[in-house]
1. Here is a list of conditions, (1) acidic (D, E); (2) under 21 Å from G128 (Cβ atoms); (3) at pLDDT below 95, and E30 meets all of them except one; can you say which number that is?
2. Considering only the stretch 89-104, I want to know if a residue exists there that is open to solvent by 30 Å² or more (accessible area, probe 1.4 Å), in contact (Cβ under 8 Å) with a residue 24 or more places away in the chain and among the small types (G, A, S).
3. So, A61, is that one modelled with pLDDT of 95 or more and hydrophobic (A, V, I, L, M, F, W, C) or not?
4. For the stretch 133-155: of the residues being touching a residue at least 24 places away in the same chain (Cβ under 8 Å) and part of a loop (DSSP other than H, G, I, E, B), which is nearest to S73 (Cα to Cα)?
5. Is one or more of the residues making up the stretch 127-145 more than 19 Å from A27 (Cα to Cα), aliphatic (A, V, I, L, M) and out of contact with any Lys or Arg (no Cβ under 9 Å at 6 or more places or on another chain)?
6. Within the stretch 31-72, work out how many residues are open to solvent by 40 Å² or more (accessible area, probe 1.4 Å), in contact (Cβ under 8 Å) with a residue 12 or more places away in the chain, of a type outside the set (F, W, Y) and in a loop (DSSP other than H, G, I, E, B).
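The values are calculated or read from the model by the stated rules, or taken from the named source; none is laboratory data. All of these numbers come straight from a predicted model, not from anything done at the bench. Using ideal geometry, Cβ is built from the backbone for each residue, glycine included, and neighbour counts are taken over all protein chains shown. The area values use the complete protein model at the heavy-atom level, side chains included, leaving out ligands, DNA and RNA. Shrake-Rupley method; radii C 1.70, N 1.55, O 1.52, S 1.80 Å.
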Amino acid sequence: MTGNDERDARPRAMEAAAVAPRRKPSAYPEPFARPFAGREKRALGEVFGLMNFGVNLTRLAPGAWSALLHRHSRQDEFVYILEGAPTLVTEEGETKLAPGMCAGFPAGGVAHHLVNRTDTDALYLEIGDRTPGDSAAYPADDLEARLGPDGGWRFFHKDGRSY
């Protein structure tokens, strides 16, 4: 094998449902984590060692949210609906989504999130880049997030105090 033995040992293809879901439904601090108890993310990109962008297969149970209403400073995001009918909520209004629909959010653009207001699960692909120095603003909450050097999110009050 080459100098990239670990990368060479990764699978080339696999069933997406076989990827284990993340153990923790949300990285948000309390009290913000509650709406995510019904969210299940499978980090597909990590299985293949993708470094420049992430891909998640995300399932929202009835009543669950994808995230808090947010916008990224540097990261573009894209979602593609596979099953169900989640509602896209933005600062500009709401749009009911359906299988085959997609939505995109350029860095610095409109704040957004998905909410499952139906009685069946919603399943979608979530794709975002991994631009260093990214941060997230949450216009409806006393919360800001900064991407740390280790790739993990750090959460702060809007006045700069840490959670």
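1. Condition (2) is where E30 drops out.
2. yes
3. Details: modelled with pLDDT of 95 or more: yes; hydrophobic (A, V, I, L, M, F, W, C): yes.
It is true that A61 is modelled with pLDDT of 95 or more and hydrophobic (A, V, I, L, M, F, W, C).
4. D134
5. At the first step, the residues of the stretch 127-145 found to be more than 19 Å from A27 (Cα to Cα) are none.
The answer is no; no qualifying residue exists.
6. Step one: of the stretch 31-72, the residues open to solvent by 40 Å² or more (accessible area, probe 1.4 Å) are 31, 34, 37, 40, 42, 46, 48, 50-53, 59, 62-63, 65, 71.
Restricting the remaining residues to those that are in contact (Cβ under 8 Å) with a residue 12 or more places away in the chain gives 37, 40, 42, 48, 51-53, 59, 62-63, 65, 71.
Retained after the next criterion (residues that are of a type outside the set (F, W, Y)): 37, 40, 42, 51-52, 59, 62-63, 71.
Narrowing further to those that are in a loop (DSSP other than H, G, I, E, B): 37, 51-52, 62-63.
Total satisfying the criteria: 5.
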